[in-house]
Amino acid sequence: VQLQASGGGLVQAGGSTRLSCTATGIQFRLTVMGWYRQVPGKQRALVAELTSVGRANYGDSMKDRFTISRDSGKNTAYLQMNSLKPEDTAVYYCYGWQLSTEYWGQGTQVTVSS
């Protein structure tokens, strides 16, 4: 199973960007897909996750600015990030979960310039 994330890069403060994550090599639909983010010296923190039945969970201060969605019936998830702030700068890791197994992508850098 591989999770491939795309999107991100350099964004100005107040701007928007969208991350995509696709899981391949898997025959079933992941129960949960989402993103964590990490900055140097800190633990990974939840950004957003979405279950296969549409239940979303967001990290602190992200619900009003970020929106997670999934392609129906597919293992592809999207994270729309609006009103970005410099403190959103981090490596964003896509992940999936199914039957007590976690799958992680390699991470994509999002840098928000002030």
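When the criteria are applied in full, Tyr58 meets the requirement of being surrounded by fewer than 19 Cβ atoms within 10 Å (Cβ to Cβ) and of a type in the set (Phe, Trp, Tyr). Only one of the numbered conditions (1) under 13 Å from Val110 (Cβ atoms); (2) more than 11 Å from the chain's Cα centre (by Cα); (3) open to solvent by less than 50 Å² (accessible area, probe 1.4 Å) is violated by Leu10, and that is (3).
Of all the listed residues (Arg70, Arg65), the sole one being surrounded by 17 or more Cβ atoms within 10 Å (Cβ to Cβ) and basic (Lys, Arg) is Arg70. The residue that is most open to solvent (accessible area, probe 1.4 Å), among those in the range 79-107 that are more than 21 Å from Asp60 (Cβ to Cβ) and assigned to a strand (DSSP E or B), is Glu102.
Only residues that are within 20 Å of Gln2 (Cβ to Cβ), open to solvent by 10 Å² or more (accessible area, probe 1.4 Å) and small (Gly, Ala, Ser): list them for the range 24-48, please. Gly25 - this is the single residue of the range 24-48 that is within 20 Å of Gln2 (Cβ to Cβ), open to solvent by 10 Å² or more (accessible area, probe 1.4 Å) and small (Gly, Ala, Ser).
The values are calculated or read from the model by the stated rules, or taken from the named source; none is laboratory data. From a predicted model like this one, the values you see are computed outputs, not experimental measurements. Because the Cβ atoms are built from the backbone with ideal geometry, glycine has one as well, and the counts that use them run over all protein chains shown. Surface accessibility is based on the protein's heavy atoms, side chains included, excluding ligands, DNA and RNA. Shrake-Rupley method; radii C 1.70, N 1.55, O 1.52, S 1.80 Å.
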